[in-house]
Amino acid sequence: MLAKGTLYVCATPIGNLGDITLRVLDTLREVNLIAAEDTRHSRKLLQHYQITTHMTSYHEHNEKKKSLELLEKLKSGQTIALISDAGLPGISDPGYELIRVCYAENIPVDVLPGPNAALTALVLSGMPTEHFAFHGFLPATSGSRKKNLEQLANLPQTQIFYEAPHRLVATLQGISECFGERDVAVVRELTKLHQQVHKGTALELKEAFGLTAPRGECCIIIAPYVPVKPIGGPEEWCQEVKEGINRGLSKKDAMKEVAKRYGVRKPEVYQALLDEED
C-alpha cells in the first residue's frame, strides 16, 4: 500500500532487465504517475513488465520547472515514481532537484534501492573497496578535465568515474599524465551479454582503446594513491628545492614538489631549508 503524496525514487536496471526488484515493479504499477528521464527509453522497461502507468518526462533540461509541477501533484495527494534511464536517480542523473524541493515542502520521499553502475563496477574491478570516491563524469573540455584530474591525483581512495565512449581515450590520456603508472580498470557493458573488464595502466588502456573504439558508457576505476618515498633526507630535499628554483619554480612551488615526491609535509622541507641556512 503506497502512502499518499509520496515521491518514490526507484532504481532501474543498468543493462539486464532482470535486475529490478519486486518492490520497484509493484510501485511502478501502483503510483499515479512515473517521472522518467526519457519516456521512450523507459517505455521498453514498462512494456517488458506489462506496466501501463502514465509517464511524464523529467530530465536535466526541464528539471527545475518540472520539479515544481510534480511538487503540486504530490501536494494534492498523488503518488509519483521517479526513474532514470538506468540505475538510481540523483546519481549522475536527474533527481536531486525534485528530492530537494520535496524536503523543503515536507513531502515524504522514499528510495527503493537497486542497481548502480558505480558500485557494480567497483566490486567487479577488483580494486580496494574499503574507501572510495565517486566523481561521476569529468568535464568534456581538455583543460577543465586536466585541472580536475590534477586535483584528484593524490587521493588515498579508489576513484570511480563515468565516461562516454567517444571521450574515453582522451580521458585515459589525461589520467596517465596526472596519475602516472597506476592500476586502472575500464568496465563496459555492465550486466549485458558482452560485459568486459579491461585492466592495465591508463597508458596501456588508452593505446588499446585507440585501436578498438569502445561502445556504451564506461566506468573507470583507479587504484588509490600510495606515496613512494625515495631514499633521502633533509640534505636531498634542500638540493632538489634549489634545482626546482633554478628551473623557474617559485620557492613555495619547489618545496611543494619536493614534499610530494618524498611523501613528507611541506613544513618539514621548509624546516630543512632553515636548518641549512643556520
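Restricting Gly248, Gly244 to those that are surrounded by 17 or more Cβ atoms within 10 Å (Cβ to Cβ) and without any contact (Cβ under 8 Å) to a residue 24 or more places away in the chain reduces the list to Gly244. Among the residues examined, Asn32 does not qualify as loosely packed, with under 15 Cβ neighbours inside 10 Å and either of a type in the set (S, T, N, Q) or within 19 Å of Val109 (Cα to Cα) (or both). Selection of first residues in the stretch 159-181 that are more than 21 Å from Pro227 (Cβ to Cβ) and acidic (Asp, Glu) and of second residues that are part of a helix (DSSP H, G or I) and at pLDDT 95 or above, restricted to Cβ pairs under 7 Å at least 6 apart or on distinct chains, gives the following pairs, ordered by first then second residue: Glu163/Thr171.
For first residues located in the stretch 128-145 and closer than 14 Å to Gln173 by Cβ and modelled with pLDDT of 95 or more, partners that are among the hydrophobic types (A, V, I, L, M, F, W, C) and outside any loop (DSSP other than H, G, I, E, B) and lie 6+ apart or on another chain with Cβ distances below 8 Å form the pairs Leu138/Leu149; Leu138/Phe161; Arg145/Ala170.
Under the condition of being outside any helix (DSSP H, G or I) and within 26 Å of the chain's Cα centre (by Cα), the residues counted in the stretch 1-35 number 17. A count restricted to the stretch 171-187 and to residues that are surrounded by fewer than 17 Cβ atoms within 10 Å (Cβ to Cβ) and out of contact with any strand residue (DSSP E or B) (no Cβ under 8 Å at 6 or more places or on another chain) stands at 2. All conditions but one from (1) hydroxyl-bearing (Ser, Thr, Tyr); (2) farther than 25 Å from Lys44 by Cβ; (3) in contact (Cβ under 8 Å) with a residue 60 or more places away in the chain apply to Thr79; the one that does not is (2).
Every test in (1) under 30 Å from Gly216 (Cα atoms); (2) among the hydroxyl-bearing types (Ser, Thr, Tyr); (3) crowded, with 19+ Cβ neighbours inside 10 Å is passed by Thr79 save one, and that test is (1). Exactly one residue out of Thr201, Thr191 is surrounded by 15 or more Cβ atoms within 10 Å (Cβ to Cβ), without any contact (Cβ under 8 Å) to a residue 40 or more places away in the chain and more than 17 Å from Lys146 (Cα to Cα), and it is Thr201.
Residues of the stretch 204-226 that are among the β-branched types (Val, Ile, Thr) and under 21 Å from Asn116 (Cα atoms): Ile220, Ile221, Ile222. Against the definition (in the same structural domain as Val187 (by TED's automatic domain parsing), surrounded by fewer than 12 Cβ atoms within 10 Å (Cβ to Cβ) and without any contact (Cβ under 8 Å) to a residue 24 or more places away in the chain), how does Gln151 come out, yes or no? Answer is yes for this residue.
Quick grid of which residues meet (1) aromatic (Phe, Trp, Tyr); (2) at pLDDT below 95; (3) farther than 18 Å from Pro94 by Cα:
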| position | (1), (2), (3) |
| --- | --- |
| Asp26 | no, no, yes |
| Leu46 | no, no, yes |
| Tyr49 | yes, no, yes |
| Ser57 | no, no, no |
| Lys65 | no, no, no |
| Gly77 | no, no, yes |
| Ile80 | no, no, no |
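Is it true that Thr158 is at pLDDT 95 or above and either on the phi > 0 side of the Ramachandran plot or within 12 Å of the chain's Cα centre (by Cα) (or both)? Against the criterion (at pLDDT 95 or above and either on the phi > 0 side of the Ramachandran plot or within 12 Å of the chain's Cα centre (by Cα) (or both)), Thr158 qualifies.
Reported count of residues in the stretch 210-225, each being surrounded by 10 or more Cβ atoms within 10 Å (Cβ to Cβ) and part of a loop (DSSP other than H, G, I, E, B), is 8.
Within the stretch 49-70, take every residue that is part of a helix (DSSP H, G or I) and of a type in the set (A, V, I, L, M) and give me the one that is nearest to Ile34 (Cα to Cα). Only one residue fits best here, namely Leu70. Suppose we keep only residues that are in contact with a Lys or Arg (Cβ under 7 Å, 6 or more places away or on another chain) and modelled with pLDDT under 90 within the stretch 214-229. Which one would you say is farthest from Ala259 (Cα to Cα)? Filtering first and then ranking leaves Gly216.
The values are calculated or read from the model by the stated rules, or taken from the named source; none is laboratory data. Values in this document were obtained by computation on a predicted structure and should not be read as measured data. Neighbour counts are summed over all protein chains in view; Cβ atoms, including those assigned to glycine, are modelled from backbone coordinates with ideal geometry.
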